[in-house]
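Okay, structure first, notes after.
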Amino acid sequence: MQEKITLDAIDLQLLDQLQRDASPSNQDLARQVGVSPATCLRRVRRLHECGLIERQVALVQPERLAQVLGHGLTVIAEVSLDRQGAEHLDAFQARAVQDDAVQQCWRVSPGPDFVLIAQVVDMPAWLALSQRLFTQDANVRNVRAFFATQRAKFETKLPLAPASQAQGAIK
């Protein structure tokens, strides 16, 4: 069982700042939040250790990358399976999350069983992904694919509760 952790206003400010930009030094982050560098470092370590901060990554701008590399296609696919038993759902999910082109895999309800968001080089790459994930699996009943024409919003930042509501323990 994971330890319980309570979040106060400083923890929420740290999480908010780190979600916006995780690149500042500990000293800069401490200054932004209004705490000492030692306090900041201790709290950020605790947020990592308890699993609230999963990892820190660089976000690549896909449209800019497509300009540089000359390609890029974002696909949102709804996948319905023939049989929805736990073992069938788990098997499809395991295959989907192992594919590098699949950026997100969601089990959803009601409607399709999964929604996938994939990034592929071009239409032939999408067809190859479709073959790997859908055609070779006799349990895939239906796939509806949507091709993104414009990304209006993309945000990785999760909304945080006000500090007054943050006293609940996280297990």
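Summary table below
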{"item": "Residue match in region 68-89 (condition: on the phi > 0 side of the Ramachandran plot and more than 23 Å from the chain's Cα centre (by Cα))", "result": "yes"}
{"item": "Residue among Pro37, Pro110, Pro62 that is at negative phi, at pLDDT 95 or above and not β-branched (Val, Ile, Thr)", "result": "Pro37"}
{"item": "Which numbered condition Ile5 fails, given (1) out of contact with any strand residue (DSSP E or B) (no Cβ under 7 Å at 6 or more places or on another chain); (2) over 30 Å from Val121 (Cα atoms); (3) in contact (Cβ under 8 Å) with a residue 24 or more places away in the chain", "result": "(1)"}
{"item": "Elements of type helices (runs of 4 or more DSSP H) in region 1-94, at least 2 residues being of a type in the set (Lys, Arg) and either in contact with an Asp or Glu (Cβ under 6 Å, 6 or more places away or on another chain) or loosely packed, with under 13 Cβ neighbours inside 10 Å (or both)", "result": "37-49"}
{"item": "Check on Ala152, closer than 30 Å to Lys4 by Cβ, in a loop (DSSP other than H, G, I, E, B) and among the small types (Gly, Ala, Ser)", "result": "no"}
{"item": "Enumeration of residues in region 99-113 that are among the acidic types (Asp, Glu) and surrounded by fewer than 18 Cβ atoms within 10 Å (Cβ to Cβ)", "result": "Asp99, Asp100"}
{"item": "Residue within region 59-69 that is of a type outside the set (Ser, Thr, Tyr), touching a residue at least 24 places away in the same chain (Cβ under 8 Å) and closer than 30 Å to Ile5 by Cα present", "result": "yes"}
{"item": "Candidates Ser36, Ser23 - the one that is farther than 30 Å from Arg151 by Cα and more than 17 Å from the chain's Cα centre (by Cα)", "result": "Ser36"}
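Here is a yes/no grid of residues against (1) small (Gly, Ala, Ser); (2) under 28 Å from Arg20 (Cα atoms); (3) loosely packed, with under 11 Cβ neighbours inside 10 Å:
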{"residue": "Val115", "(1), (2), (3)": "no, yes, no"}
{"residue": "Trp126", "(1), (2), (3)": "no, no, no"}
{"residue": "Gln136", "(1), (2), (3)": "no, no, yes"}
{"residue": "Lys153", "(1), (2), (3)": "no, yes, yes"}
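The values are calculated or read from the model by the stated rules, or taken from the named source; none is laboratory data. It should be emphasised that the depicted structure is a prediction, and the values quoted were computed from it without experimental measurement. Cβ coordinates were reconstructed from backbone atoms using ideal geometry, including for glycine residues, and neighbour counts include every protein chain displayed.
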